[in-house]
Amino acid sequence: MIHQIESMSEWDICIIGGGATGLGTALDAAARGFKTILFEQHDFAKGTSSRSTKLVHGGVRYLQQGNIKLVMEALRERGLLLKNAPHLVSNQKFIVPNYKWWEKTFYGIGLKIYDKMAGKLGLGSSEILSKEETLQLVPALDPEDLRGGVLYHDGQFDDARLAISIAQTAAAHNAVVLNYFPVSALLKIEDKVCGVWVKDSLTGKEYEIKSKVVINATGVFTDDIMRMDNVKHQNIINPSQGIHLVVDKEFLKGDVAIMIPRTDDGRVLFAVPWHNKIVLGTTDTPITAITAEPIPMEEEITFILKHIGRYLSKDPQLSDVKSMFAGIRPLIKANSKNTAALSREHYITISASGMITIAGGKWTTYRKMAKDVVDLAIEKFDFADMKCMTRNLKLYGHDMEPSPIVIGSISDDELKTFIKKAVTQEMCLTVEDFLARRTRQLFLDAQKAIDIAPKVAFYLAEDLKKDQVWIKEQINNFNAVAVNYKPA
Ligand SMILES: Cc1cc2nc3c(=O)[nH]c(=O)nc-3n(C[C@H](O)[C@H](O)[C@H](O)COP(=O)(O)OP(=O)(O)OC[C@H]3O[C@@H](n4cnc5c(N)ncnc54)[C@H](O)[C@@H]3O)c2cc1C
């Protein structure tokens with residue numbers, strides 16, 4: 001793909017950012033037949049897109065807020081994603097436990113409306129359960145004062161693996177998608193954006209890329225790119241951090257997730273089975289500093305442990321946390337300080353110089369976001385009116401043996417094989433790529449990931465033809481990141 005940079009004189013669409021939004025846009029554009037190139041400064045999904053709650057959902061919370069349009073759109077996308085990526089998305093049962101007299105009726109009716117809104121793409125009917133039925137499905141719930149529960153269905157997925165699968169699908173449609181290629185400046189002729197400057201981080205080589213359209217899909221870094229376009233740009237992103245804690249399955253027992261509809265700060269809290277562990281989260285903390293590796297704050301960790309402890313018979317302690325991770329929501333600014341109330345709808349704008357920016361939204365709606373932004377590019381840049389092709393497009397890997405998610409207990413031969421596959425088919429270039437996003441070892445058990453990192457570095461070095469110095473550097477780099485996934 002790197003060779004194509006040199007041979008192509010001008011691209012139709014150049015995308016900055018390799019998270020859900022950028023990768024989805026690359027796939028949409030390439031599937032319509034446009035000459036498409038995407039640059040990601042780190043690894044695909046290194047940003048927010050590997051740090052979600054792992055739900056493909058309409059958003060019960062947005063229903064509570066009365067945001068019908070967003071919920072309808074997300075429910076439609078949920079259904080399509082389950083059809084197009086059955087290898088990475090599954091139908092997950094959730095229970096809303098009821099401890100107050102009015103909750104059964106209130107959530108029972110709300111979730112029936114949620115079912116109806118999904119229409120033909122629904123995942124199953126919600127049900128009102130007795131106390132006994134609720135405890136049978138989630139034996140770990142605290143039985144004291146429990147009155148019953150409401151069962152409903154939503155989608156669950158592996159976010160980083162889906163990102164890789166979208167990148168592979170885009171590449172299969174002739175898009176060029178490159179990780180470790182930071183965009184450092186925009187190319188302009190007569191005040192119109194006509195391309196980007198990028199650097200290959202691994203070789204240091206710089207490239208001037210010409211493109212008819214440039215799309216900024218950089219999530220929480222949106223404002224940095226907009227400032228490259230206009231130095232006077234005023235921020236549009238209101239960053240909000242959310243963290244998750246990962247604990248062993250014994251804390252929930254069984255395969256049914258729980259959804260706590262209202263925490264002290266008016267949020268929804270989830271405990272969701274994921275790859276044989278439980279993901280607990282999340283928080284909503286307004287922040288000012290944006291980094292590629294955000295770190296969970298002590299008060300966020302305490303908040304989750306305290307709240308989830310109220311609902312489980314065995315309260316998880318800090319020492320039970322196997323991994324923790326933080327992500328930053330690229331929320332669009334509004335005149336509100338409480339980020340939990342900001343819209344998750346996406347936002348698309350085009351600057352005076354012609355750069356298109358897309359931000360906000362949710363993982364669940366990435367396909368619709370991509371369609372909207374490519375539709376706009378077609379309209380504004382007089383491209384041939386090629387129709388969106390992604391509605392029924394099966395994603396790469398849907399008919400293949402799934403890649404491994406944890407590698408703690410596999411043989412050395414298997415590890416070698418998986419590393420080779422990650423390098424040759426999934427653009428894996430570092431120990432962190434392999435342990436955090438090709439497998440999810442770091443997100444599931446940080447200590448196990450640290451323990452296996454030297455072996456991974458050794459096998460990766462064989463495939464990538466690297467030396468001892470590289471191995472040592474890789475282990476150090478990985479440990480510096482991984483230490484923040486381990487509770488103190
Ligand atoms: C805590 C939390 C929980 C969430 N849970 C869910 C959920 O369960 N379900 C759901 O649907 N949604 C969820 N979301 C929302 C969802 O994760 C995000 O909306 C989505 O991942 C945003 O994707 P993105 O591509 O816009 O941003 P990102 O994933 O951040 O991607 C932007 C990319 O741009 C790259 N970039 C930046 N600058 C440059 C540059 N100069 N050159 C090249 N590349 C650059 C970055 O490195 C980054 O990889 C959650 C979000 C958070 C924070």
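Every read-out reported here was derived from the displayed coordinates using simple, explicitly stated rules and does not represent laboratory data. All values reported here derive from a predicted model rather than from experimental measurement. Don't worry about glycine lacking a Cβ; one is built from the backbone with ideal geometry, like all the others, and counts go over all protein chains shown.
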Rounded to 5, the percent of DSSP beta bridges in the chain classed as antiparallel: 80
Fewest-first ranking of T203, T288, using other Cβ atoms within 10 Å as the exposure measure: T288, T203
Pairwise label distance in nanometres, Y99 with S184, each label 7 Å out on the Cα-Cβ vector: 5.5
On Cα atoms only, tilt of 20-31 relative to the major axis of the chain in degrees: 60
Between segment 118-166 and segment 414-488, the alpha-carbon center distance in angstrom: 33
Relative contact order computed over the chain (Cα-Cα under 8 Å; 6+ residues apart), in percent: 19
Rg/Rh for segment 412-485, where both radii come from Cα atoms and Rh is the Kirkwood radius: 0.93
Sorted by Cβ neighbour density within 10 Å, fewest at the top, the residues I13, I109: I109, I13
Cleavage-rule hits (GluC sites (Glu not before Pro)) in segment 112-151: DSSP loop, at most 13 neighbouring Cβ within 10 angstrom: E144
Rounded Å value of the spacing that divides the Cα centres of segment 279-320 and segment 86-105: 21
Two-decimal log10 I(q)/I(0) for the chain, as the Debye equation yields it once each C-alpha is a single scatterer, q = 0.06, 0.07, 0.10 Å⁻¹: -0.26, -0.36, -0.75
Within the chain, helix-based [θ] at 222 nm, where runs of 4 or more DSSP H residues each add -39,500 (n - 2.57), nearest 500: -10500 deg cm²/dmol
Burial ordering of M1, M369, M117, fewest other beta-carbon atoms within 10 Å first: M1, M117, M369
With Cα atoms, 0 to 90° folded angle of helix 412-425 axis to the chain main axis: 50
